[in-house]
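Asks: A single structure is presented below for examination.
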Amino acid sequence: MTPAASIDSLPPLREITTAAAWRGDTLAAGDSWIYRLSEPQIAELERLGTQFVEDDPDLRFVQKEAYPLVECRDAVEEWGNDVDFGRGFVLVRGLRTHLYSDALSAAIYYILGLYMGDPIRQNEKGDLIDSIYATSEKMMDDPTAKSSKVRDHLVYHSDSSDIVALMCLRPAKEGGASCLVSGAEIYNEILRRRPDLAPLLFERYHWDWRRQDVNAPADTYTSPIIDLTDGVFSMYAGSLYILTAQDYAGVPKLSPEQIEVLKLFDEIAYEPGMAIEMDFRPGDIQWLSNYAALHARTLFHDHPEPQRRRHLLRLWLSRQGKRPVIDGFGKNGVVQVRDKPRAGKTVDDQGFFRIGVAPVPRLLADHG
């Protein structure tokens, strides 16, 4: 494993001036981050999605070549470049999900996901499409609450995949905005304010693996917060799990300076103007690099009818080799491939590998 750069070996640090460094108030003044599908593109996706539903393939094994894109091919390449080397995210708009069944919406989404990366399992049940759907009134201060199953706000964090994608089937009655903040711009602000602390972001930190995954093979894993391989900025952040990792025996204690830079990182993320907030419309798809931006969510209120409640579909995608990062960057060690469960684990919910069932919220199994 290639170690993270030591402070002494780092070249002079400079601000990031690529598209990855942005302020939310600036982006929100325009719509350059929104890609609107054309009528021919929509027609192609509806046709392929309908074929996918009729074919009913096993989500673990289906390949993108079975559903070739023509009208959308260049668009998918553009989205990938935006995610990997641009601002780090794009919102795709135009699908007419109000006319579709949830199965058809999910089929279109999954086809596009296959072109954007390889889906990975999001839990031990093997779910490749997960429903973000509130089944509990718990708040996130309850340690048993699951972030995808409650209405509470979520703090800024990174997920476990290269790309996290969300598709909106139905928005909330009120609230539930998706909030993104640029990791590169946070880094720039630290460099401007405390250049003495910025190099500490390149050091390897221990992250609490056990708290994120009770089935983890070890208590912690290590990763720097910032990487600049081949000049491409990448970030992996979330101070909570660095701090809780301190509870394990053998984990080196954080220095006062390291604690200070973690605190500063979090403070800057929440400063006015740093983040962009977007209200999802039905059919919207958000593609987001976990290495470019942190994401959060505001508190939301639902409609009383279950069939009208806020319902997003989530994909976790692997894009191995698309973005240059040092070995061991982020939480790559926990990625579960889509075609088989983790060693020693079994999956009983075979039906959830079918598109007709995959977008249905697990109302009983995931009630917490």
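Bear in mind these aren't lab numbers, they're just calculated from the coordinates by the rules spelled out. Please read all numbers here as calculations on a predicted model, not as lab measurements. In this analysis, Cβ positions are derived from the backbone assuming ideal geometry, glycine residues included, and neighbour counts consider all displayed protein chains.
Asks: Take Ser289, Ser38 and order them by how many other Cβ atoms sit within 10 Å, fewest up front. Display every interim value, and only then the final one.
Replies: Values: Ser289 29, Ser38 12.
If I rank by nearby Cβ atoms, fewest first, I get Ser38, Ser289.
Asks: Nearest 5 percent is fine: what portion of the DSSP beta bridges confined to region 7-353 is antiparallel? Don't skip to the end; give the middle numbers.
Replies: Numbers: 40 of 43 bridges.
Roughly 95 percent of the DSSP beta bridges within region 7-353 come out antiparallel.
Asks: Using mean Cβ contacts within 10 Å as the protection proxy, how do 161-173, 199-211 order, highest first?
Replies: Going by the mean number of other Cβ atoms within 10 Å, highest first, we get 161-173, 199-211.
Asks: Which value, in debye to the nearest 20, describes the size of the charge dipole of the chain about its Cα centre when Lys and Arg Cβ atoms bear +1, Asp and Glu Cβ atoms bear -1, and nothing else is charged? Present the calculation step by step, with values, prior to reporting the outcome.
Replies: Numbers: 42 positive and 55 negative charges, 96 e Å.
My answer is approximately 460 debye.
Asks: For region 237-261 and region 184-216, compute the distance between their C-alpha centroids and round to whole Å.
Replies: Between the Cα centre of region 237-261 and that of region 184-216, the gap is 10 Å.
Asks: Could you line up Leu313, Leu197, Leu48 from fewest to most neighbouring Cβ atoms inside 10 Å? Mind dumping the intermediate values first?
Replies: Details: Leu313 24, Leu197 17, Leu48 20.
Arranged by neighbour count, lowest to highest, Leu313, Leu197, Leu48 become Leu197, Leu48, Leu313.
Asks: Please tell me which of these pairs span more than 28 angstrom C-alpha to C-alpha: Lys64/Lys340; Lys253/Lys340; Lys149/Lys331?
Replies: Working: Lys64/Lys340 18 Å; Lys253/Lys340 37 Å; Lys149/Lys331 22 Å.
With Cα atoms farther than 28 Å apart: Lys253/Lys340.
Asks: Sort Tyr110, Tyr100, Tyr270 so the one with the fewest other Cβ atoms within 10 Å of its own Cβ comes first. Before the final figure, lay out the partial values.
Replies: Values: Tyr110 25, Tyr100 20, Tyr270 13.
Final ranking by Cβ density, sparse to dense: Tyr270, Tyr100, Tyr110.
Asks: Give the label of the value calculated from the structure for Rg and Dmax of the Cα atoms in Å, choosing from (1) 20.2, 59; (2) 21.4, 64; (3) 20.0, 63.
Replies: Checked against the structure: label (1).
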